[in-house]
Structure formats: structure tokens, C-alpha cells
Amino acid sequence: MKLKHIIFALFIGIISYPLLSLAQDLKLNPSRVKWTSLDYKTRVLFFGMKIEVQINQISQAASRAALLTPKHGEGTMPQVDPSYRIDLGTEILGRNSFISLWFDPDGTAFQRTQTDTGKKHRVKTYRILKNGYYSLQAKPKENEKELPPNKWTDFGEGKNKFNKFPPAGTTIAEPTALYYLVSASPLNKPGDKFEQNIFTKHGIYRLDLLAVDYQNIEVDFESNQSGKKRAIYNDEFKTLHIRMKGEAIDPSVQGDFALFGLEGEIDLYLDPETRVLVQISGDMDIVGYTDIKLKAVTF
């Protein structure tokens, strides 16, 4: 397999892993989320990767207006005013991806739209349903590659319904919201637990999050609060170390749980004071153990 193909496969795993479901036995609290933007950087083999995240409150009316009407199934709808939208941009190897995710404060996601430009051209929307998802994709025809995405006319659609679904009342979220979910979660100290049900296009997994201990890690990022910027470098920065592990609830589902291109047990490092996720670490296929580190945060 060529090196660039390996990198693209890892990149796709990081930015486009669909649809995550969050259990409600422990409530999310949006008041814990103080940040508005996060920037991360890492290296995949010899290549740099840049990830930018922004979160915005939007009115329920604006959220509803942005949602597709699925041709198959019943889509989830905003229940709270205001709701949220997270925008996530990723750059690697000349390929740019921009994801927008609409969701309620309790984690319930409604729609995820991903626009790829650069070496790949595609716009794909997942409209999240009560028991699966409906997807709509647009790509440019040969004579449309220089046109903006809203002018592309090569359309395709799909749908998926799962054999086994999380218990009634379980909210549905999506991995793009991980930064929000961890910040808003009730994980405050070692010993705290949080259970989530996650599903991909292949099936559903039960995800267990355990606050293991406090760990000192090296950080180097810029903090912007009330317009005042300061550099934070500390090789013994105290974090709450959270471990995630997933297991398929349907025995017929093949493959290990993976998130953001990381497989098996995934380590999250949360700043206990600001509740910002300062590092995500785990094993990537071919690459090995990888750290995705925070480089800038705005409050």
C-alpha cells in the first residue's frame, strides 16, 4: 500500500467516523463548557495535521431550517432553544475537510454535513433518524470541478436501519461533538464513570469512559480569554486522565471500536479547571501510538 493511501485512510477515520450515541444516566451540563474555539495539531508519519473546532449557540428556528427532510424515516429534531452547532475543519496532505454538526445541549445530534475540497471533492450529509440515518451526497461532474459545491449535480443517497438500537430514551450524538461531550460530562475526579452507546454505519458499540487518575503531561498552547492572550507551556501540566473503551453490543458486528482513527483503548486528557480537552492519544494502524495535542483555545 502506498504511503499516501495509508495517510488518507487514517485521515478519513479521523474526520468522518459517523454517529455517536450518548446514554442519559448521567446528564450533560452545557454550563461546564466555557471555550468557543480549539485548535489541535499532530503529525501522522511525516506529515502535519491541523484541526480547528468552533462551537456556537444557534436558535432552534435556525437549526430546524438547516436540516434536511429525509426521504426515508423520521429525523430527530431540536427540542431546546438555543441549540448548538460545532464546525470542525481539518487539513492534511492538500486535502481540506469542513464538518458542521447540529445538536441539542443534551448531546442529541440532528445532522452532520461534511465538505471535502482539494484532492477530493464531495459534500455528504447524514440526517440522523430515530433508528439509523439517511444520507445525501453531492459530487462534481467532470465539467463542474471548478464550480462551488452548491453547483455540483452528481447526487446520490443512502439509508441504514440497525438491527439492535440503544435503549429507549438514549440520546444520539456524533464524534464531532466529542470536545463538547467531554467538557459537559460529569467526569470530575478519578473513579467517576460515564457510559455511552455509540454506533457507526456498521453497528452499535457500548462505550465506557473511566476517569482513571490525574496525570502530568507536557502542554504548549495559547490561551485567549477576554481578548488577552497568554502562552501556556508546562511539562508537568495536571490533567484528569480519562480512558475510553468500546465493545459491540451486536455479536454480528465485525471490527474493533475506533474513534478519530485511534483504535482500542483511547486516552483523553482533560484540564480539570477549564474542562478543555488538551490531548487525545491512542494507537493508529501503521503509525502506532499518537498524540493529538491542543495548540490554542479561546474562552
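The values are calculated or read from the model by the stated rules, or taken from the named source; none is laboratory data. None of the values given here were measured: they were computed from a predicted structure. Cβ coordinates were reconstructed from backbone atoms using ideal geometry, including for glycine residues, and neighbour counts include every protein chain displayed.
What is the residue count in segment 97-133 for residues that are modelled with pLDDT under 85 and over 21 Å from A65 (Cβ atoms)? So the count comes out to 6. If you check G227, G191 for being loosely packed, with under 14 Cβ neighbours inside 10 Å, within 19 Å of L268 (Cβ to Cβ) and out of contact with any helix residue (DSSP H, G or I) (no Cβ under 8 Å at 6 or more places or on another chain), only one passes: G191.
When you scan segment 79-147 for strands (runs of 3 or more DSSP E) that lie fully inside it, which ones turn up with 3 or more residues that are under 17 Å from the mean Cα position of the chain (by Cα), buried (at least 21 other Cβ atoms within 10 Å of the Cβ) and not polar (S, T, N, Q)? Break it down into steps so the answer makes sense when it comes.
Details: elements: 83-92, 95-103, 109-118, 122-128, 132-139.
Correct list: 83-92, 95-103, 109-118, 122-128.
Test L209 against the stated conditions and say whether it is closer than 30 Å to T76 by Cα and at pLDDT 85 or above. Yes; evaluated as a whole, the condition is true for this residue. Of all residue pairs spaced 6 or more apart or on separate chains, those with beta-carbon atoms under 7 Å, a first member in segment 178-189 that is assigned to a loop (DSSP other than H, G, I, E, B) and a second member that is among the β-branched types (V, I, T) are L187/I242.
So, of the residues in segment 53-69 that are among the β-branched types (V, I, T) and assigned to a strand (DSSP E or B), which turns out to be surrounded by the fewest Cβ atoms within 10 Å (Cβ to Cβ)?
Filtering segment 53-69 for residues among the β-branched types (V, I, T) gives 53, 55, 58, 69.
Narrowing the set further to residues that are assigned to a strand (DSSP E or B) leaves 53, 55, 58.
Working: V53: 24, I55: 20, I58: 16.
Among residues in segment 53-69 that are among the β-branched types (V, I, T) and assigned to a strand (DSSP E or B), the one surrounded by the fewest Cβ atoms within 10 Å (Cβ to Cβ) is I58.
Looking for something assigned to a strand (DSSP E or B), aliphatic (A, V, I, L, M), over 17 Å from R275 (Cβ atoms) and modelled with pLDDT under 95 - is there at least one such residue anywhere in segment 23-44? Full working, then the answer.
Taking segment 23-44 as the starting set, the residues that turn out to be assigned to a strand (DSSP E or B) are 37-44.
Within this subset, residues satisfying the condition of being aliphatic (A, V, I, L, M) are 38, 44.
Checking the rest, the ones that are also over 17 Å from R275 (Cβ atoms) come to 44.
Subset that is modelled with pLDDT under 95: 44.
Yes, there is a match, as at least one residue in segment 23-44 is assigned to a strand (DSSP E or B), aliphatic (A, V, I, L, M), over 17 Å from R275 (Cβ atoms) and modelled with pLDDT under 95.
The set of residues in segment 218-256 being among the acidic types (D, E) and at pLDDT 90 or above consists of E218, D220, E222, D235, E236.
Among residues of segment 223-237 that are more than 14 Å from F299 (Cα to Cα), those with a beta-carbon under 9 Å from a residue that is assigned to a loop (DSSP other than H, G, I, E, B) and modelled with pLDDT of 95 or more at least six positions away or on a different chain give the pairs F237/D271.
Could you say which residue among I292, I198 is aliphatic (A, V, I, L, M), at pLDDT 90 or above and within 18 Å of the chain's Cα centre (by Cα)?
I292
Quick one: which of E74, E52, E91, E142 is of a type in the set (D, E) and without any contact (Cβ under 8 Å) to a residue 24 or more places away in the chain? Steps first, please.
On the way: E74 fails: without any contact (Cβ under 8 Å) to a residue 24 or more places away in the chain; E52 fails: without any contact (Cβ under 8 Å) to a residue 24 or more places away in the chain; E91 fails: without any contact (Cβ under 8 Å) to a residue 24 or more places away in the chain.
Being of a type in the set (D, E) and without any contact (Cβ under 8 Å) to a residue 24 or more places away in the chain holds for just one of E74, E52, E91, E142, which is E142.
In segment 235-251, is there at least one residue being on the phi < 0 side of the Ramachandran plot, surrounded by 14 or more Cβ atoms within 10 Å (Cβ to Cβ), over 18 Å from the mean Cα position of the chain (by Cα) and among the aromatic types (F, W, Y)? Within segment 235-251 (the criterion being on the phi < 0 side of the Ramachandran plot, surrounded by 14 or more Cβ atoms within 10 Å (Cβ to Cβ), over 18 Å from the mean Cα position of the chain (by Cα) and among the aromatic types (F, W, Y)), the answer is yes, since at least one residue qualifies. Cβ separations smaller than 8 Å between residues 6+ apart or across chains give the following pairs from segment 94-119 residues that are farther than 15 Å from V53 by Cα and touching a residue at least 60 places away in the same chain (Cβ under 8 Å) to residues that are surrounded by 24 or more Cβ atoms within 10 Å (Cβ to Cβ) and of a type in the set (V, I, T): G107/I172; T108/I172; A109/I128; A109/I172.
Applying the selection to segment 252-299, what residues are of a type in the set (S, T, Y), surrounded by fewer than 19 Cβ atoms within 10 Å (Cβ to Cβ) and either in contact with an Asp or Glu (Cβ under 8 Å, 6 or more places away or on another chain) or under 21 Å from Q215 (Cα atoms) (or both)? T274, S281, Y289 - these are the residues of segment 252-299 that are of a type in the set (S, T, Y), surrounded by fewer than 19 Cβ atoms within 10 Å (Cβ to Cβ) and either in contact with an Asp or Glu (Cβ under 8 Å, 6 or more places away or on another chain) or under 21 Å from Q215 (Cα atoms) (or both).
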